[in-house]
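Engineer: Can you read through this structure? Questions will come right after.
The values are calculated or read from the model by the stated rules, or taken from the named source; none is laboratory data. Quantities reported herein were computed from a predicted structural model and do not represent experimental measurements. We place every Cβ from the backbone using ideal geometry, glycine too, and count neighbours over all the protein chains shown.
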Amino acid sequence: MSLAYLVTIVIFILLFLSIFMKPQNMKMKYEKLSSFECGFDPSHKMRTPFSLRFFIVTVIFLIFDIEVTIMMPIPFGANLTQFFSYMSSNFILMFLLIGGLFFEWSQGALEWS
């Protein structure tokens with residue numbers, strides 16, 4: 001008998017024994033049986049009103065976060081090893097990010113009230 005068959009049999013035996021070894025006085029409570037989804041109760045109304053401001057702030061964060069993550073290694077990938085080339089590409093990147101932030105700010109997407 002190979003080792004894989006032996007390991008499989010041992011695992012099934014241990015799983016079968018664990019069913020009988022659990023405490024019998026343990027009551028299944030509602031909190032233990034229900035799933036937890038970001039603070040929302042999944043057993044109540046599914047279409048509760050949700051503020052779109054949270055969604056907009058999340059999307060803005062993801063846009064700027066991914067923009068930085070993708071665009072920061074570009075000077076290294078383009079072999080911009082000279083200091084002036086590297087700094088100019090970083091200034092262009094920062095100008096784009098700050099310009100995008102001011103655009104979102106002027107459109108009112110960052111205002112909460």
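Engineer: Can you confirm whether residue 64 is at pLDDT 80 or above, among the aromatic types (Phe, Trp, Tyr) and in a helix (DSSP H, G or I)?
Structural biologist: Considered against the rule, which asks whether it is at pLDDT 80 or above, among the aromatic types (Phe, Trp, Tyr) and in a helix (DSSP H, G or I), residue 64 comes out as no.
Per-residue answers, yes or no, for (1) of a type in the set (Gly, Ala, Ser); (2) assigned to a helix (DSSP H, G or I); (3) loosely packed, with under 10 Cβ neighbours inside 10 Å:
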{"residue": "57", "(1), (2), (3)": "no, yes, no"}
{"residue": "70", "(1), (2), (3)": "no, yes, yes"}
{"residue": "85", "(1), (2), (3)": "yes, yes, no"}
{"residue": "93", "(1), (2), (3)": "no, yes, no"}
{"residue": "100", "(1), (2), (3)": "yes, yes, no"}
{"residue": "103", "(1), (2), (3)": "no, yes, no"}
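Engineer: Can you tell me how many residues within segment 58-92 are in contact (Cβ under 8 Å) with a residue 12 or more places away in the chain and either in contact with a Lys or Arg (Cβ under 8 Å, 6 or more places away or on another chain) or within 20 Å of residue 102 (Cβ to Cβ) (or both)?
Structural biologist: Residues meeting the conditions: 7.
Engineer: Mind checking which residues of segment 37-61 are modelled with pLDDT of 75 or more and hydroxyl-bearing (Ser, Thr, Tyr)?
Structural biologist: If the condition is that a residue be modelled with pLDDT of 75 or more and hydroxyl-bearing (Ser, Thr, Tyr), then 58 is the only one that fits.
Engineer: Could you figure out which of (1) loosely packed, with under 10 Cβ neighbours inside 10 Å; (2) at pLDDT below 65 isn't true of residue 3?
Structural biologist: (2)
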